[in-house]
Amino acid sequence: MGYQSPLVSIIIPTFNRVHLIGETLDSVLAQTYTNWECIVVDDGSSDGTEILVRDYQSKDSRIQYYKRPFHRPKGANACRNYGFELSQGAYINWLDSDDLISKHKLELQIKKIKEIKNSIAICRWQRFTLKPFDEFSNRDYSFFRDYYTPKDIFLDFGLNKSFLPQHVYLVSRAVIVKAKLWDESIIVNQDGEFFTRIILSSDFVGFINDTLAFYRRPVDNSTSNFSNEKAKIIGSINSWVLIENHLMNKGVNLPNPYVENAKDFIYKTIKSSYQDVVKDNKDFFKNAKKRDSFWFMLKRKIF
């Protein structure tokens, strides 16, 4: 790659992932772009994760293992922030310890954006449960394109009723400094809130068609499954309030379908079991309640 190849920092928070993180690290080691450092920050694992990662470290010094300092709050966001503070790369790729990236991801994304200041790159992605597929995802979204006005992507997120997982992005360090780091107080939808700020702080979003990020479907309860935990429900509402405020402050037209879809989903999930939360957040759910009532009445008329 030569001296002109910028360093990429891959930051991986982990907690008790000895059964999965090896596959994640293998996908990093397989990268055709070789000027990278991989910073693994352990959130207090007790299952042998440290032994496994240190074994990888002994074989390739580009892999670094750290433990979250005791004075930092527990959680993936604190680990991500600590990893960023330790990193040296001009570009950052956030990666969870159960997800994967295809071998050309860094190479193609760097080529796309390395000459453009305040830029980020995205790519295709697909879900998997046990093993990823080698073929590219057949699903085409309207946001699989370049954006010279990055805030426009939120309209496409809403129209497609989809999103981009965090490891799809390659982000220039300048954008992260401008957007600021992960909010360590958020317990649900941390990446949604963070990458809203990232996109709104960028000047260009470059799309790469010929590479993939693989997002592992959760097989157990996680922070994204909040249907039976009140704290996670409230945390999700708070994250979307922040996202809506970020969009409003950057001149994005509201209501935005990206946010409204989230409100509809949360409302339908909790309206029967958590009426007190709905009541306490009546302004947040105002439009969602109207839409829900409309479709309920329409179904009654049809059936």
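What the table below lists for this structure:
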{"item": "C-alpha long axis of helix 230-249 to longest principal axis of the chain, angle in °", "result": "90 degrees"}
{"item": "Partners for K114 among lysines (Cα-Cα distance below 23 Å; same-chain residues under 8 apart left out)", "result": "K103, K105, K151, K178, K180"}
{"item": "Cα-centred dipole magnitude for the chain, charges only on beta-carbon of K, R (+1) and D, E (-1), debye, nearest 20", "result": "1060 debye"}
{"item": "Förster radius 45 Å - calculated FRET efficiency between D26 and D140, Cβ distance, rounded to 0.05", "result": "0.95"}
{"item": "Peptides 66-73, 232-239, 50-57 ordered by average Cβ neighbours within 10 Å, highest first", "result": "232-239, 50-57, 66-73"}
{"item": "Around W240: net Lys/Arg minus Asp/Glu count, Cβ-Cβ under 9 Å", "result": "-1"}
{"item": "Packing rank of 40-48, 161-169, where each peptide gets the mean count of other beta carbons within 10 Å, highest leading", "result": "161-169, 40-48"}
{"item": "Point-to-point label distance, K103-K180, nm (Cα→Cβ direction, 7 Å offset)", "result": "4.2 nm"}
{"item": "Reachable lysines, given that their alpha-carbon falls under 22 Å from the alpha-carbon of K289 and they are not under 8 places away in the same chain", "result": "K161, K230, K232, K263, K268, K271, K279, K299, K301"}
{"item": "Relative contact order of the chain, pairs being alpha-carbon contacts under 8 Å that are 6 or more residues apart, as %", "result": "19 percent"}
{"item": "Check: segment 92-202 dipole with +1 on Lys, Arg Cβ and -1 on Asp, Glu Cβ, in debye", "result": "360 debye"}
{"item": "Efficiency of FRET between L7 and S293 - r from beta-carbon atoms, R0 51 angstrom, step 0.05", "result": "0.40"}
{"item": "Principal-axis tilt of helix 190-200 within the chain, Cα atoms, nearest 10 degrees", "result": "80 degrees"}
{"item": "FRET efficiency estimate (nearest 0.05) - Cβ-Cβ, K161 to N16, R0 25 angstrom", "result": "0.20"}
{"item": "Rounded to 10°, Cα long-axis angle of helix 286-302 versus longest principal axis of the chain", "result": "60 degrees"}
{"item": "Global form of segment 230-302, assessed from the alpha-carbon gyration tensor, a/c cut-off 1.5", "result": "oblate"}
{"item": "Charge dipole (debye, nearest 20) of segment 230-302; +1 at Cβ of Lys and Arg, -1 at Cβ of Asp and Glu", "result": "380 debye"}
{"item": "Which of I266, F154, A288, positive extreme of dipole for the chain (C-beta unit charges)", "result": "A288"}
{"item": "Formal net charge of residues neighbouring F15 (Cβ-Cβ distance under 12 Å; K, R +1; D, E -1)", "result": "-2"}
{"item": "The chain shape via C-alpha gyration tensor axes, a/c threshold 1.5", "result": "prolate"}
{"item": "Of A231, Q190, A121, farthest towards positive along the dipole that unit charges on Lys, Arg, Asp, Glu beta carbons give the chain", "result": "A231"}
{"item": "Stretchable slack from R72 to S46, in nm (0.36 nm times residue separation minus alpha-carbon distance)", "result": "7.5 nm"}
{"item": "Net charge contributed by nearby residues that have their C-beta within less than 10 Å of Y33 (K/R +1, D/E -1)", "result": "+2"}
{"item": "W125 long-range amide H proximity, modeled H, under 5 Å", "result": "A213"}
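None of the figures in this text is laboratory data; all of them are computed from the coordinates on show. Here the structure is a predicted model, which means the values were calculated and not measured. Note that we place each Cβ from the backbone using ideal geometry, even for glycine, and neighbour counts take in every protein chain shown.
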